[in-house]
């Protein structure tokens, strides 16, 4: 039997191995200018997966791309499948707090011990890949391969994979199995320096996840986008299913507790569904997830338990997406809206819940090409609803790239040009954050880059979720 001293030494050694594993993976984070490597990245990913005996072809994959809503849709799809009784893997990016968010099974982070073990198993192959003609793998590419490997080793029934950037050349786009299910959320103008200058260009990149023989699901979008989706689906001999508002999903009502709506998709009909995620746009994300569940039930011949759909949606809890919390007796709203399309949808829902109100905003945006133009578009939507704007910054080293915020003075300059002067440049350390909460009577809205939202979470600590499971993102209270 272990005594306390032996136990502590074992735990210390285990934590050391875990940190060494993280340090090894972080060494593959590329310089930002080399972040998107196109076809070479796909080649590197395929090469490592081949050395791993192609685990991605041995599991059932649901693949998700889009500009807005892909993270929520991925989460809801995995939640529905898990609630139906399936062991379901979920890979998302970026992570907010813990790299293991990329390797969830039934909404629970994989243990540090298993994460360390599985990474150690593939390290010799990662090293072997360094000498290929395609060069050193990136952090994101390794994590995608690791997700496929972990989900295969853990014998999941389904693996839900969210793309990182784009689709066609995204590292997740390596599944050849015609049984793959492809989900496409709303398309907008984002990452234009990489994906293209027009909606058509961007839609082509996103729809690149549709492979030969796939079934694909999307929501009705602008004609330019739909033309691309239909064209690529036809070329790939894929079946494209399109959900339409007021036909497939309708009667949407929103409150602080979430949204209520009806859905009818083929033989699946659910009325008065209550989803505990806030925002009108979540109805279309949820509808795509429900359609995915139906298509999988037809493909793999299982019966859907409708009662468990209601249970899954009622317990949904996805951090950083229109999250309303009370902290220090003050109400805050957190939402990672990082492009004009997302900000527009977020503000629309915000005003539905808080009609006639103004807010104090705490925000920061990621640095990038064309960011000033994009930022101006977002600030134009925020200003009419802002009493005061706090401008902050962040630097994030432990994710797919070295991420840092737009210079705070650049944001201030844009605000001045737009005629808004009630702003303050701050550092969001814990003490300043608490002071902002204490001095404000209005609801505080924290928005901008999802990486910034992640940095705010470092002032918070996890608690148990409504389902009683504990993970790094299941709830928040202020640290003592």
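The values are calculated or read from the model by the stated rules, or taken from the named source; none is laboratory data. All figures in this text were calculated on a predicted structure; none of them were measured in a lab. Please note: Cβ atoms are built from the backbone with ideal geometry, for glycine as well, and neighbour counts cover all protein chains shown.
Key figures
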quantity	calculated
Every residue from the stretch 255-271 that is at pLDDT 90 or above and out of contact with any strand residue (DSSP E or B) (no Cβ under 6 Å at 6 or more places or on another chain)	264, 265, 266, 267, 268, 269
Qualifying residue in the stretch 50-69 (condition: in a helix (DSSP H, G or I), under 25 Å from residue 339 (Cα atoms) and modelled with pLDDT under 95)	no
Test: residue 277 is assigned by TED's automatic domain parsing to the domain that holds residue 218, part of a loop (DSSP other than H, G, I, E, B) and touching a strand residue (DSSP E or B) at 6+ places or on another chain (Cβ under 7 Å)	yes
Any hit, the stretch 245-261, residues being surrounded by 17 or more Cβ atoms within 10 Å (Cβ to Cβ), without any contact (Cβ under 8 Å) to a residue 60 or more places away in the chain and not in a strand (DSSP E or B)	yes
Test: residue in the stretch 201-214 that is touching a helix residue (DSSP H, G or I) at 6+ places or on another chain (Cβ under 8 Å), part of a loop (DSSP other than H, G, I, E, B) and modelled with pLDDT of 95 or more	yes
The lone exception for residue 284 - which of (1) surrounded by fewer than 23 Cβ atoms within 10 Å (Cβ to Cβ); (2) in contact (Cβ under 8 Å) with a residue 60 or more places away in the chain it fails	(1)
The stretch 3-26 residues that are in a helix (DSSP H, G or I), paired with ones that are at pLDDT below 75 (beta carbon under 8 Å, 6 or more apart)	10/2; 22/398; 26/397; 26/398
Scan of the stretch 195-210 for residues that are crowded, with 21+ Cβ neighbours inside 10 Å and over 10 Å from residue 225 (Cβ atoms), ordered by number	195, 205, 209, 210
Hits in the stretch 325-337 (condition: surrounded by fewer than 16 Cβ atoms within 10 Å (Cβ to Cβ) and either within 16 Å of residue 293 (Cα to Cα) or in contact with a helix residue (DSSP H, G or I) (Cβ under 9 Å, 6 or more places away or on another chain) (or both))	328, 329
Residue match in the stretch 233-244 (condition: in contact with a helix residue (DSSP H, G or I) (Cβ under 6 Å, 6 or more places away or on another chain) and crowded, with 22+ Cβ neighbours inside 10 Å)	no
The stretch 121-139 residues that are without any contact (Cβ under 8 Å) to a residue 40 or more places away in the chain, paired with ones that are surrounded by 15 or more Cβ atoms within 10 Å (Cβ to Cβ) and assigned to a helix (DSSP H, G or I) (beta carbon under 8 Å, 6 or more apart)	121/149
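Here's the yes/no breakdown for (1) over 23 Å from the mean Cα position of the chain (by Cα); (2) within 14 Å of residue 89 (Cα to Cα); (3) surrounded by 23 or more Cβ atoms within 10 Å (Cβ to Cβ); (4) not assigned by TED's automatic domain parsing to the domain that holds residue 77:
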{"site": "112", "(1), (2), (3), (4)": "no, no, no, no"}
{"site": "123", "(1), (2), (3), (4)": "yes, no, no, no"}
{"site": "134", "(1), (2), (3), (4)": "yes, no, no, no"}
{"site": "141", "(1), (2), (3), (4)": "no, no, yes, no"}
{"site": "148", "(1), (2), (3), (4)": "no, yes, yes, no"}
{"site": "151", "(1), (2), (3), (4)": "no, yes, yes, no"}
{"site": "154", "(1), (2), (3), (4)": "no, yes, no, no"}
{"site": "189", "(1), (2), (3), (4)": "no, no, no, no"}
